[in-house]
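All remarks here apply to the structure that follows.
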Amino acid sequence: MKTVLTHIIDDFYERKLPTLVKRDKQFPRMVGKANVAMGMRRTGKTYFCYQHIHDLLEAGTPMHEMVYLNFEDDRLLQFSVEHFQMILDVYYGKFPNNRETVCHFFFDEIQRIEQWEVFIRRLLDTENVQIYLTGSSSKLLSSEIATSLRGRSLTTEIFPFSFSEFLRAHELFGELPQQFGAKTTSKLRYAIKEYLERGGFPEVKGIEPSLHSEILQGYIDSVILKDIIERHRVGNVLALKHLVHHIMHAPGGQFSVNKFYNTLKSMGIKCTKNSLYEYLDHLIDAYLFYRVPIHSRSEKSRRLNPAKIYVIDTGLLNAMTFRNAANHGILLENLVFMQLRRQGHIIEYVHPKSGGETDFFVRHPSSGKASLIQVCWDMSDQQTFQRELRGLQNAMEEFSIETGTIVTWDDEGMLAGHINIVPVWKWLL
């Protein structure tokens, strides 16, 4: 194994780093903490590590003070916990003077190795290193990281490209626009249409449209097989796939396990309610789905109003389902949710006592400041728009929030009562 590790480390120093799309996030830096990049498969966690390597090089850190290992490398299939010490033996054997300086160790997909956390804790306690970990499978969940590293880690979530990252990836703007003249607006309108349809997974950038669905469907299959079936030893694959199919066809809708259980029962598919609750939790743990509860202090209200479920990427939704113009509002709502989720907001939905519904009751993660956001495809259908408007106005009055926002596809304006109407291509920026 030492010989294999020597070759892999040498390859890292000889290999040219790939061209990157700069992500909006960065690893935080705190001595004594491991940095952990987590997210669904294929969201770009490995390239996020490469981005940090680029940043370190630009800041003057020499390459030999870094080492990168991908534990899904086929040469490491026989690697196990007793081999971890060999990494240190090989690395410091090459660069003995590096024990006197801070070195940067990047371990990609480390969760594949049983008892990896024991080695990482020892490194943090005994070596002069900064550690970066990534993981796609639900073995590297926030709860498990907290248990395994006992407060010794900082987590950075990696999602598919945001709209600003999508613009950067497609080289549509050198810098994000601050002014919205006719030319800029035209480019943004074109870009948001592409973003809504393709989604933000990095791999589909520049790929033939005919291959988009096949690639994205493969991501779903990978999550279901590797992160759910294999990891949690799920035996009722048919019920699991029906659950994924059901949510994909109704993103942003309230999801009731009881109702879905009855649906499966009517189809002759056997599955317990407890299993369905577990499957949904597994899918959320794997970053495929997200749960949004109702905003209420009443336990009865939370029980009677099931959570809404959103999907990580609109490109996945388009790949898994057939959609027509009537479904665009659902995609737009999902797009808005994911932007709020990227920003780390606490997100709930609201049923005001005086009637209606508001899509998002949002609280800032640090300040706790609350805001209300309604999503409406356009203002041309006055009946629909007035319903959305009343729901927002009722929530503003009930929660004493002075301003509200309606995110649309392309409408813009200001309504009485401090309600701002903003097109999504501007709101996302």
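Readers should treat all values here as calculations from the given coordinates under stated rules, not as data from a laboratory. For clarity, every value in this text was computed on a predicted model and none was experimentally measured. Backbone-built Cβ (ideal geometry, glycine too); neighbour counts: all protein chains shown.
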Of Val81, Val21, Val234, which has the largest mean-square fluctuation in a 10 Å C-alpha GNM of the chain?
-> Val81
GNM result for the chain, Cα springs below 10 Å: residue of Gly356, Gly39, Gly135 fluctuating most strongly | Gly356
Roughly how many nanometres apart are two label points built 7 Å out from the Cα toward the Cβ at Gln85 and Glu100?
-> 2.6 nm
Loop-resident trypsin sites (Lys or Arg not before Pro) in the stretch 1-59 with no more than 14 other Cβ atoms inside 10 Å, DSSP not H/G/I/E/B, are Arg15, Lys16, Lys22, Arg29
How much length is gained on full extension from His246 to Arg363, taking 0.36 nm per residue of separation minus their Cα-Cα distance?
-> 39.2 nm
Rounded to whole angstrom, the alpha-carbon centroid of the stretch 405-422 lies from that of the stretch 175-190 at a distance of 19 Å
Roughly how many whole Å is it from the C-alpha centroid of the stretch 302-346 to that of the stretch 3-27?
-> 34 Å
If you look at just the Cα atoms of the stretch 161-206, how large are its Rg and its Dmax in Å?
-> 10.4, 31
Would you mind checking which residues have amide H under 5 Å from Gly404's amide H? H placed 1.01 Å from N; only 5 or more apart, or other chain.
-> Ile419, Asn420
Treating the angle as unsigned and between 0 and 90°, give the value, to the nearest 10°, between the Cα long axis of helix 2-14 and the longest Cα principal axis of the chain.
-> 60 degrees
Contact order relative to length of the stretch 285-429, as percent, for alpha carbon pairs under 8 angstrom and 6 or more apart | 16 percent
All other residues with a Cβ under 13 Å from the Cβ of Ile312 taken together, and with Lys, Arg as +1 and Asp, Glu as -1, what is their net charge?
-> +1
Identify which of the listed values of semi-axes √(5λ) of the Cα gyration tensor in Å was calculated from the structure shown: [x] 62, 21, 18; [y] 35, 26, 21; [z] 41, 26, 21.
-> [z]
Return the single residue from Glu230, Glu208, Glu278 with maximal mean-square fluctuation; model: Gaussian network over the chain, springs between Cα atoms under 10 Å.
-> Glu208
Can you give the extra length, in nm with one decimal, that the chain gains between Glu171 and Asp24 once fully stretched, where that is 0.36 nm per residue apart less the Cα-Cα distance?
-> 51.4 nm
Tally Lys/Arg at +1 and Asp/Glu at -1 over every other residue whose Cβ is under 9 Å from the Cβ of Pro423; what's the total?
-> -1
Neighbour net charge for Phe385 - beta-carbon separation under 11 angstrom, K R +1, D E -1 | -2
Computed helical MRE - 222 nm, the chain, DSSP H runs ≥ 4 contributing -39500 (n - 2.57), nearest 500 = -13000 deg cm²/dmol
For the stretch 208-322, just list the percent of Cα-Cα distances falling in each 5 Å bin from zero outward, please.
-> 2, 11, 21, 22, 21, 13, 6, 3, 1, 0
